Amino acid sequence: MYSYKVTTLNDFIIMRQKDFPYAKGELSSLLSNIGTAAKIVNKKINKAGLVDIIGKAGMVNIQGENQQKLDVFADKVFTDALRSCGECCGIATEENQNEIVFSDRIARKGKYIVCMDPLDGSSNIDYNVSVGSIFSIYRRKTPRGEPVKNEDFLQKGISQVAAVYVIYGSSTMLVYTTGNGVNGFTLDPSIGEFCLSHPDIKTPADGRIYSINEGNYGYFPQGIKRYIKYCQEEDTETERPYSSRYIGSLVSDFHRNLIKGGVFLYPPVAGMPEGKLRLVYECNPISLIAEQAGGAASGGSKRILEIEPGSLHQRSPLYAGSKNMVRKIEKFLTA
Ligand code: P6P
């Protein structure tokens, strides 16, 4: 008799309650709500090829509804899920200039704040390229019951209690850490559940993939230019030349390298001296997952997770993935 024993995301979160003894199930509820909202967003993205979805915000679709861009839609779905779970007292999102304070009676008592990029790489959707959602979760610093403040969102990445990303690719996956390793769950549409598919992900210390937008080569710091040439040199012992793989969607590029080995680079470029990616809701969660999987994540001269955020939408250079490759990049940058 074929038995399809699966461990769903909710099973796993409950099993791993011991990971966060200080939280009496609150973090479980928060993570579980992100998973449920991700299924809703996934359903919409999977239909994105249809005419009435791809449209731009402000248009009216065939049902006469106001057309929402998918990133606006995703932002609303995740915001509503976090507000209603009762454990989150406020969020910072790429879609809003300022933090959003949840003032209703239950949410106000929440222990956690969430910083998110609800749909990263959304411009790729029109071309059927995979995209992602990214979440960074902290305990609030200010007293519970009071309105959450800006300082609650400007904590170093090392203080995260959890980091999550969802990748809407050939299959939809949710990958998360609560500081005790990284686990990956693949959505089984036939039962509508995220099922444990990649337990205890460990990223190889070395890899043969480098991911960078080489169109910006002329603007890169000299050390990055030298590193790219190093990747392209022939050397049997270190299995070079490496392969260049770049989708232009952070979660997709990072996830492939996390599993196969490799390094993602977004250096400073013209007009963006701190690079393009946002520290609080892109670099920090990706970096916690990289480190928890045995990899590394650097801003060039220091660990991403040690950077003190000054503002919600602050940018940072990001070099993340296989540990030895990140260390090599740091050497090229400081030589
Ligand atoms: P570029 C998508 O817009 C994004 O924020 C990340 O997902 C991605 O890694 C990066 O920008 C791509 O930027 O400049 O190479 O197109």
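The values are calculated or read from the model by the stated rules, or taken from the named source; none is laboratory data. This is a predicted model, so every value here is computed, not measured. Using ideal geometry, Cβ is built from the backbone for each residue, glycine included, and neighbour counts are taken over all protein chains shown.
Looking only at residues in the stretch 162-180 that are at pLDDT below 95 and not polar (S, T, N, Q), the one that is nearest to residue 94 (Cα to Cα) is 169.
Results for (1) crowded, with 16+ Cβ neighbours inside 10 Å; (2) touching a His at 6+ places or on another chain (Cβ under 9 Å); (3) not assigned by TED's automatic domain parsing to the domain that holds residue 307, shown as yes or no for each residue.
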residue: 153; (1), (2), (3): yes, no, yes
residue: 157; (1), (2), (3): yes, no, yes
residue: 167; (1), (2), (3): yes, yes, yes
residue: 171; (1), (2), (3): no, no, yes
residue: 174; (1), (2), (3): yes, no, yes
residue: 178; (1), (2), (3): yes, no, yes
residue: 182; (1), (2), (3): yes, yes, yes
residue: 189; (1), (2), (3): no, no, yes
residue: 204; (1), (2), (3): yes, no, yes
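For the stretch 177-195, the criterion of being of a type in the set (D, E, K, R) and touching a Gly at 6+ places or on another chain (Cβ under 8 Å) is met by none of the residues.
Among residues that are of a type in the set (Val, Ile, Thr), farther than 21 Å from residue 86 by Cβ and either buried (at least 21 other Cβ atoms within 10 Å of the Cβ) or within 16 Å of the ligand (Cβ to nearest atom) (or both), residue 148 is not included. Residue 175 is checked against (1) within 16 Å of the ligand (Cβ to nearest atom); (2) part of a loop (DSSP other than H, G, I, E, B) and fails just one. What number does that condition carry? Residue 175 satisfies every listed condition except (2). Only a single item in (1) modelled with pLDDT under 95; (2) under 15 Å from residue 182 (Cβ atoms) is not met by residue 259, and it is number (1).
Please go through the stretch 231-252 and pick out each residue that is part of a strand (DSSP E or B) and within 16 Å of the ligand (Cβ to nearest atom). Within the stretch 231-252, just 244 meets the criteria.
For the stretch 47-60, does any single residue satisfy the condition of being surrounded by fewer than 18 Cβ atoms within 10 Å (Cβ to Cβ) and either outside the structural domain of residue 184 (by TED's automatic domain parsing) or modelled with pLDDT of 90 or more (or both)?
In the first step, residues of the stretch 47-60 are kept if they are surrounded by fewer than 18 Cβ atoms within 10 Å (Cβ to Cβ); the result is 47-52, 54-60.
Keeping just the survivors that are either outside the structural domain of residue 184 (by TED's automatic domain parsing) or modelled with pLDDT of 90 or more (or both) gives none.
No, every residue in the stretch 47-60 fails to be surrounded by fewer than 18 Cβ atoms within 10 Å (Cβ to Cβ) and either outside the structural domain of residue 184 (by TED's automatic domain parsing) or modelled with pLDDT of 90 or more (or both).
Taken together, the residues in the stretch 254-265 that are surrounded by 24 or more Cβ atoms within 10 Å (Cβ to Cβ) and outside any loop (DSSP other than H, G, I, E, B) amount to 7.
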